[in-house]
1. Would you compute, from DSSP H runs of 4+ residues alone, the mean residue ellipticity of the chain at 222 nm, taking -39500 (n - 2.57) per run and dividing by the full residue count, rounded to the nearest 500?
2. Stretched out fully, how many nm does the piece from THR57 to TYR29 gain, at 0.36 nm a residue minus the Cα gap?
3. So if the hydrodynamic radius of the chain is defined as the Kirkwood radius over C-alpha pairs, what does Stokes-Einstein give as its diffusion coefficient at 25 °C and 0.890 mPa s, in µm² per second?
4. GNM on the chain, C-alpha springs below 10 Å: top fluctuator among LEU50, LEU84, LEU12?
5. So which lysines can LYS25 reach, going by Cα to Cα under 24 Å and dropping same-chain residues fewer than 8 places off?
6. With springs connecting C-alpha atoms under 10 Å apart, model the chain as a Gaussian network and identify which of LYS23, LYS81, LYS61 has the largest mean-square fluctuation.
7. Does segment 55-97 come out rounded, prolate or oblate by the C-alpha gyration tensor, with a ≥ b ≥ c the root eigenvalues, rounded set by a/c under 1.5 and, if not, prolate when a/b is larger than b/c and oblate if not?
8. For the chain, set up a GNM with springs between Cα atoms under 10 Å and report which of TYR19, TYR29, TYR51 has the largest fluctuation.
Amino acid sequence: MSFNNDDLDGALEKVISIYFRLKHKAPNYTSTYLKRALLECMVDLTKRALYNHCIETQVDKHEVDEDYRQWLEKNIDKLAKEELEFKNSLNKPYRDN
């Protein structure tokens with residue numbers, strides 16, 4: 001199956017329609033928009049596409065996740081001890097000195 005410009009135009013029209021419906025919580029009953037609004041839409045869609053589909057971003061997200069995993073492994077015992085101390089402090093009666 002081959003795609004043509006009409007296919008791309010139709011998909012773009014759907015994406016833009018969904019974007020504005022989500023942003024403004026109401027459908028737009030035309031297929032035209034203000035230039036400023038379309039430029040803002042394209043910036044938001046570009047950011048979303050880069051975040052979700054760009055290989056460099058995916059690698060960066062993985063590295064952050066890996067760094068967090070290593071930090072968590074290193075500090076899990078300390079965090080568990082602090083949580084236990086906090087829970088135990090809630091069970092102690094309040095004493096006024």
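Since every read-out is calculated from the coordinates, none of them should be taken as a lab result. These figures come from a predicted structure and were not determined experimentally.
1. Working: 3 runs with 76 residues, N = 97.
Counting only the DSSP helices, I get -28000 deg cm²/dmol.
2. Gain on extension, THR57 to TYR29, equals 6.5 nm.
3. On the way: Rh = 18.8 Å.
The estimated diffusion coefficient comes to 130 µm²/s.
4. For the chain, modelled as a Gaussian network with Cα springs under 10 Å, the answer is LEU84.
5. Cross-link targets: LYS14, LYS35, LYS47.
6. Among LYS23, LYS81, LYS61, the largest GNM mean-square fluctuation belongs to LYS81.
7. It is prolate, given that a/c is not under 1.5 and a/b is the larger ratio.
8. Its mean-square fluctuation being the largest, the pick is TYR29.
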